[in-house]
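Report on the structure given below.
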Amino acid sequence: FYRFEMKFTTLLFPAVVLGAACPYGTFKPEEPTDIRGVCPMLNALANHGFLPRDGKNINENQTVNALNSALNLTPDFGRFLFTAGRLSNPKPNATTFDLNHLDRHGLFEHDGSLSRQDAYFGQWSRFNQTVWNWTKQYYHGDTLDVQMVANSRAQRHMRSNLTNPEYGLTEVGYQFSVAENSALLSIIGDKVTQTCPLKYVDYLFVNERLPYEVGWKKPEVPIELQDLIKTFRKIANASLQGYEQYLYKQSPLELALTATA
Ligand code: HEM
Ligand code: MG
């Protein structure tokens with residue numbers, strides 16, 4: 001018994017304590033030589049070491065494993081998302097991507113982002129507090145829901161359309177824009193209720209860190225592409241209404257006069 005106790009304290013106990021202290025990929029802010037890009041979630045996964053910390057040469061297995069172990073996305077969903085990464089690589093037939101390949105303006109990256117300014121105005125791939133504050137003005141209360149993200153998304157595109165002479169949104173850009181807003185609710189939040197605590201999203205965007213500290217946990221039930229699509233449809237439907245509500249609250253003229261980019 002004594003020997004067992006010795007073993008426990010000398011071997012097992014430190015392991016248990018360490019395990020409790022680091023139950024997930026350790027967060028380490030990016031180094032100046034690390035590559036990051038437009039996607040706040042992929043940046044966060046690299047900062048936790050779920051993806052290569054240097055943000056370079058990310059292959060399909062690494063993406064699928066990262067999205068599965070950090071966020072509980074199904075492997076099919078992970079492979080689907082990886083396609084966008086791979087296609088962003090300027091090298092034809094590439095099997096990997098770097099996080100800044102996603103910045104290519106007009107491919108998947110689009111105007112009217114929630115936390116990034118439009119390429120027309122300057123640096124467009126990294127977090128911008130002013131833009132994020134505009135977005136948050138439409139997030140009322142502690143919990144984001146479908147109508148709220150639809151309204152805020154409409155606001156960003158409206159504002160860009162009014163202030164950016166080169167504003168444009170391709171069909172693919174539109175799909176991404178709605179999908180990213182769906183991801184807030186169905187991946188970071190709760191895919192069943194299609195809501196998300198604002199503090200999770202704010203923490204993620206500002207710190208590029210998974211919001212464990214503010215109570216977020218990896219979802220217990222796997223998340224499929226179909227879950228994202230369900231929320232996508234709701235947001236798309238709520239968007240016309242959001243656009244109108246936006247018009248009533250603040251007329252385009254008023255916005256054009258007050259908007260600064
Ligand atoms: C933004 C790609 C995974 C959430 C973006 C953008 C790209 C991108 C190209 C820029 C769009 C823009 O705002 O102009 C990818 C790829 C992924 C991936 C290739 C996987 C391989 C995820 C996951 C989430 C996510 C799993 C889950 C929450 C977001 C959000 C934005 C975004 C919320 C919008 C940022 C903003 O509007 O400021 N992603 N993404 N992404 N991504 Fe990802
Ligand atoms: Mg953008």
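The values are calculated or read from the model by the stated rules, or taken from the named source; none is laboratory data. Everything numeric in this text was worked out from a predicted model, so none of it was measured. Every residue, glycine as well, gets a Cβ built from its backbone with ideal geometry; the counts of neighbours run over all protein chains shown. Please note that ligands, DNA and RNA were not included when accessible areas were found on the heavy atoms of the full protein model with its side chains. Shrake-Rupley method; radii C 1.70, N 1.55, O 1.52, S 1.80 Å.
Summary of values
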quantity	calculated
Residue that is nearest to Val38 (Cα to Cα) [pool: residues in region 220-235 that are open to solvent by 30 Å² or more (accessible area, probe 1.4 Å) and touching a residue at least 60 places away in the same chain (Cβ under 8 Å)]	Leu225
Contacts under 7 angstrom Cβ, first residue in region 99-116 being touching a residue at least 40 places away in the same chain (Cβ under 8 Å), partner part of a helix (DSSP H, G or I) and open to solvent by 40 Å² or more (accessible area, probe 1.4 Å), 6 or more apart	Phe108/Val172; Phe108/Phe176; His110/Phe176
Flag if Asn47 is more than 9 Å from ligand 1 (Cβ to nearest atom) and either under 30 Å from Asn151 (Cα atoms) or buried (at least 18 other Cβ atoms within 10 Å of the Cβ) (or both)	yes
Number of positions in region 108-123 that are within 11 Å of ligand 1 (Cβ to nearest atom) and either on the phi < 0 side of the Ramachandran plot or open to solvent by 10 Å² or more (accessible area, probe 1.4 Å) (or both)	11
Count of region 97-111 residues which are near ligand 2 (Cβ under 10 Å from one of its atoms) and either under 15 Å from Leu51 (Cα atoms) or part of a helix (DSSP H, G or I) (or both)	2
Residue, farthest from Met41 (Cα to Cα), within region 115-127, restricted to residues that are in contact with a Phe, Trp or Tyr (Cβ under 9 Å, 6 or more places away or on another chain) and near ligand 2 (Cβ under 10 Å from one of its atoms)	Asp118
Number of positions in region 128-154 that are farther than 12 Å from Val38 by Cα and within 14 Å of ligand 2 (Cβ to nearest atom)	5
Arg86 vs. criteria more than 11 Å from ligand 2 (Cβ to nearest atom) and either part of a helix (DSSP H, G or I) or in contact with a Phe, Trp or Tyr (Cβ under 8 Å, 6 or more places away or on another chain) (or both)	yes
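One line per residue, one yes/no per condition, for (1) more than 10 Å from ligand 1 (Cβ to nearest atom); (2) under 21 Å from His105 (Cα atoms); (3) open to solvent by less than 50 Å² (accessible area, probe 1.4 Å); (4) not aliphatic (A, V, I, L, M):
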| position | (1), (2), (3), (4) |
| --- | --- |
| Ser125 | no, yes, yes, yes |
| Asn128 | no, yes, yes, yes |
| Trp134 | yes, no, yes, yes |
| Val146 | yes, no, yes, no |
| Met158 | yes, yes, yes, no |
| Leu162 | yes, yes, no, no |
| Pro165 | yes, yes, no, yes |
| Glu171 | yes, yes, no, yes |
